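Here the structure is laid out as structure tokens; the discussion comes afterwards.
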Amino acid sequence: MNDTLVTIVGNVATHVEYRETPTGGVARFRLAATTRRWDRERSAWADGHTSFYTVNAWRQLGANLAASVTVGEPLVVHGRLRVREEPTGGRDGQRRTFVDIDAVAAGHDLTRGTAAFRRGGGRREPERTMTERQDGTPTRDLESAVT
């Protein structure tokens, strides 16, 4: 209930690794998000700092991401933010901070390109049939997939 939900827009930075676990499949990849600012002096956009996030997506979302996403593609990821610290392994006791996102939803960023959606996950798609309008031109209708 007190989870921090975030939406990150960025580019896929690593290959999507998918593996099966006892609790279901999981996909894991890194997402790079770079800030962009308008530089008034040069009258142009300038790249700022790049942040990297490890994205974990479980079950059907993970399988769909693994089948749909490749390195470099623009993506929008919405999920739970997880910040963790781990020791670096050195004698000085330093720790590294990692930022993970447990994805709830993800998709291509359509402001930067187009995509074609294909329903997956075992759901049955409605059947498409051709009918004619009163003027004789063909049109597609959707029939109910529920029997």
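The values are calculated or read from the model by the stated rules, or taken from the named source; none is laboratory data. A quick note: this is a predicted structure, and the numbers were derived from the prediction, not measured. Here Cβ is always computed from backbone atoms with ideal geometry, including for glycine, and neighbour counts include all displayed protein chains.
Some values worked out for this structure:
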{"item": "Residue match in the stretch 28-37 (condition: exposed (fewer than 12 other Cβ atoms within 10 Å of the Cβ) and either among the hydrophobic types (A, V, I, L, M, F, W, C) or within 12 Å of the chain's Cα centre (by Cα) (or both))", "result": "no"}
{"item": "Strands (runs of 3 or more DSSP E) contained in the stretch 30-147 and holding at least 2 residues at pLDDT 95 or above and touching a strand residue (DSSP E or B) at 6+ places or on another chain (Cβ under 7 Å)", "result": "44-58, 74-87, 95-108"}
{"item": "Which listed residue is touching an Asp or Glu at 6+ places or on another chain (Cβ under 7 Å), closer than 15 Å to residue 106 by Cβ and not basic (Lys, Arg), from 54, 70, 7", "result": "54"}
{"item": "Scan of the stretch 53-72 for residues that are closer than 12 Å to residue 13 by Cβ and exposed (fewer than 15 other Cβ atoms within 10 Å of the Cβ), ordered by number", "result": "70, 71, 72"}
{"item": "Some residue of the stretch 79-94 being among the β-branched types (Val, Ile, Thr) and farther than 17 Å from residue 26 by Cα", "result": "yes"}
{"item": "Filter result for residue 26 (in contact with a helix residue (DSSP H, G or I) (Cβ under 9 Å, 6 or more places away or on another chain), within 20 Å of residue 84 (Cβ to Cβ) and part of a strand (DSSP E or B))", "result": "yes"}
